[in-house]
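Participant: Okay, handing you the structure first.
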Amino acid sequence: MKLALIGYGRMGRAVEAAAAERRHAVVARLDMGDRIDGKSLAGADVAVDFTLPDAVADNVSAIADAGVDLVIGTTGWYERMEDVAALVRSASVGCLWSPNFSLGVQLFFRVAAAAGDLADALGEYDVHVHETHHRHKVDRPSGTAVRLAELLVDRLRGKRSWRGGPPAGAAAPETLWVSSTRAGEVPGVHEVGLEGPSDSIVVRHTARGREGFARGAVSGAEWVHGRKGFFSMDEMLAERLGSI
């Protein structure tokens, strides 16, 4: 398989290394400001985007117009989800997106969902989410934390919605709060906390580096190549793990 890297920063280079491990070729390396079109993507089967939230819709439009399948690893663009999906479907290409391509995080989502179900059954634990990332990360909370919050709100009858926190005053009990830390070069830590009247439980995923995200993105490129449509990571993993 031949890949085009859209964004050639730390994640782009990690994807390049992961592609080499799986004997795929990188035929284009395009960074911010480079033109994306049929010429610059010539020969690519799949483009892998790790850029900035504001660039995603334009990147998808150009990649889809070139008839190239794509993987979107950039986070924070989800208010444009319907627009991006329409671009993909009208061009009849395949697109796979995820807030986190780490396969370990995908397992963590399932563990967190089970924890939410158990907390809901007992009814005495207050659930919250916290995430920590490097200080260069643009979006807050992270896409992974947002996904966790959505999963948990769906399972907790006492939570009506989620919000980024901490709150300005007393925390509304019907809100699931998602807090964030930005410091140093932390690749990513996500925690689901269950606070009870006499104890607490923490379910945590800690990324040791970017390699896990990169390997997952390359696996996603292998999966989406040749498909037509707009897919989430859940649809890819349903073939292996079953749906949440």
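Participant: Sort 24-34, 50-60 by packing, meaning the average of other beta carbons within 10 Å per residue, with the highest value first.
Facilitator: Put in order of decreasing packing, that is 50-60, 24-34.
Participant: Is the shape of the range 41-95 best called rounded, prolate or oblate, per the rule: a/c under 1.5 gives rounded, else a/b larger than b/c gives prolate, else oblate, with a ≥ b ≥ c the square roots of the Cα gyration tensor eigenvalues?
Facilitator: Taking the square roots of the gyration eigenvalues as a ≥ b ≥ c, the range 41-95 is oblate.
Participant: Would you calculate a helix-derived [θ] at 222 nm for the chain, using -39,500 (n - 2.57) for each DSSP H run of n ≥ 4 and dividing by the full residue count, to the nearest 500?
Facilitator: Rounded to the nearest 500, the figure is -11000 deg cm²/dmol.
Participant: A further question follows. Grab the other residues whose beta carbon is less than 12 angstrom from that of A121, score K and R as +1, D and E as -1, and report the net.
Facilitator: Cβ neighbours under 12 Å give a net charge of -1.
Participant: Could I ask something else about it? What does the net charge come to around H133 if you take all other residues with beta carbon closer than 12 Å to its beta carbon, with K and R at +1 and D and E at -1?
Facilitator: Net charge in that neighbourhood comes out at +2.
Participant: Which of the pairs K39/K137; K2/K137; K2/K39 have their Cα atoms more than 24 Å apart in this structure?
Facilitator: Flagged as over cut-off: K39/K137; K2/K137.
Participant: Using 1/(1 + (r/R0)^6) with R0 = 35 angstrom and r between the beta carbons of R22 and E79, what's the FRET efficiency to the nearest 0.05?
Facilitator: E(calc), rounded to 0.05, equals 0.60.
Participant: Taking square-rooted eigenvalues a ≥ b ≥ c of the alpha carbon gyration tensor, is the range 9-49 rounded, prolate or oblate, where a/c under 1.5 means rounded and, failing that, a/b exceeding b/c means prolate?
Facilitator: Here the range 9-49 falls in the oblate category.
Participant: Same structure, new question: What is the range 144-244 by shape, rounded, prolate or oblate, if you read a ≥ b ≥ c off the alpha carbon gyration tensor as root eigenvalues and call it rounded for a/c under 1.5, prolate for a/b larger than b/c, and oblate otherwise?
Facilitator: The shape class here is prolate.
Participant: At what distance in angstrom do the alpha carbon centres of the range 158-226 and the range 90-125 lie from each other?
Facilitator: Centre-to-centre (Cα) distance: 10 Å.
Participant: Here's another thing I want to ask about it. Run the numbers on the chain and let me know its relative contact order in percent, using alpha-carbon pairs under 8 Å that are six or more apart.
Facilitator: It rounds to 22 percent for the chain.
Participant: Now a separate question. Carbon and sulfur: what percent of the range 45-99's accessible surface (1.4 Å probe)?
Facilitator: Exposed carbon and sulfur together represent 44 percent of the surface.
Participant: Net charge around G94, counting only other residues with Cβ within less than 9 Å of its Cβ (Lys, Arg = +1; Asp, Glu = -1)?
Facilitator: Charge balance near G94 sits at +1.
Participant: Using a cut-off of 20 Å between alpha-carbon atoms, which aspartates and glutamates can reach K228, once sequence neighbours fewer than 8 places away in the same chain are excluded?
Facilitator: Cα-Cα hits under 20 Å: D37, D45, D49, D58, D65, D69, E82, D83, E239.
Participant: Can you find, among I63, G12, A170, the residue sitting farthest towards the positive end of the charge dipole of the chain, where Lys and Arg contribute +1 and Asp and Glu -1 at Cβ?
Facilitator: Working it through, the farthest residue towards the positive pole turns out to be G12.
The values are calculated or read from the model by the stated rules, or taken from the named source; none is laboratory data. Quick caveat, the model's predicted, so the values are computed rather than measured. Every residue, glycine as well, gets a Cβ built from its backbone with ideal geometry; the counts of neighbours run over all protein chains shown. Quick note on the areas: whole protein, heavy atoms, side chains included, nothing else; ligands and nucleic acids left out. Shrake-Rupley method; radii C 1.70, N 1.55, O 1.52, S 1.80 Å.
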